[in-house]
Amino acid sequence: MQLKVKKTIILVVAIILTGLSAGLFISYNNDHAECASITQSRLSENGVEIVETRHICNEKYSF
């Protein structure tokens, strides 16, 4: 193989491994300890019950 092709393959593999490592790090460390889900229900004009759930998070960084 040519040197240019080897460098390109190594670069692509390094980028993929870095992306996977970052994704796994974020998913394992995002515990949502300071988060809560609030559920509100109300009636629409037609008399249908509407349930609305909101995710509220007080963490500095939320991924």
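Take the Cβ-Cβ distance between Arg54 and Tyr28 as r, set R0 to 25 Å, and report the resulting FRET efficiency rounded to the nearest 0.05.
On the way: r = 25 Å, r/R0 = 1.00.
Step by step, r from the Cβ atoms, then E = 0.50.
Taking 0.36 nm per intervening residue step and subtracting the Cα-Cα distance, what contour gain separates Ile38 from Leu11 on full extension?
Details: separation 27, 0.36 × 27 = 9.72 nm, distance 4.51 nm.
Using 0.36 nm per residue and subtracting the Cα-Cα distance, I get 5.2 nm.
Taking all protein chains as present, what is the carbon and sulfur share of the accessible area of the chain, in % to the nearest whole number, probe 1.4 Å? Working shown, then result.
Details: 3600 of 5900 Å².
In the chain, the share of accessible area belonging to carbon and sulfur is 61 percent.
Mind checking the angle between helix 3-29 and the chain's longest principal axis? C-alpha axes, 0 to 90 degrees, to the nearest 10.
In the chain, helix 3-29 runs at an angle near 30 degrees to the longest axis.
Could you work out the relative contact order of the chain, using alpha carbon pairs under 8 angstrom and six or more residues apart, expressed as a whole percent? Mind showing how you got there, number by number?
Numbers: 41 pairs, mean separation 17.1, N = 63.
Reported as a whole number, the value is 27 percent.
The values are calculated or read from the model by the stated rules, or taken from the named source; none is laboratory data. Everything quoted here is computed from the prediction, not taken from an experiment. Quick reminder, even Gly has a Cβ in these numbers, built from the backbone with ideal geometry, and neighbours come from all protein chains shown. These accessible areas exclude ligands, DNA and RNA; they are computed on the full protein's heavy atoms, side chains included. Shrake-Rupley method; radii C 1.70, N 1.55, O 1.52, S 1.80 Å.
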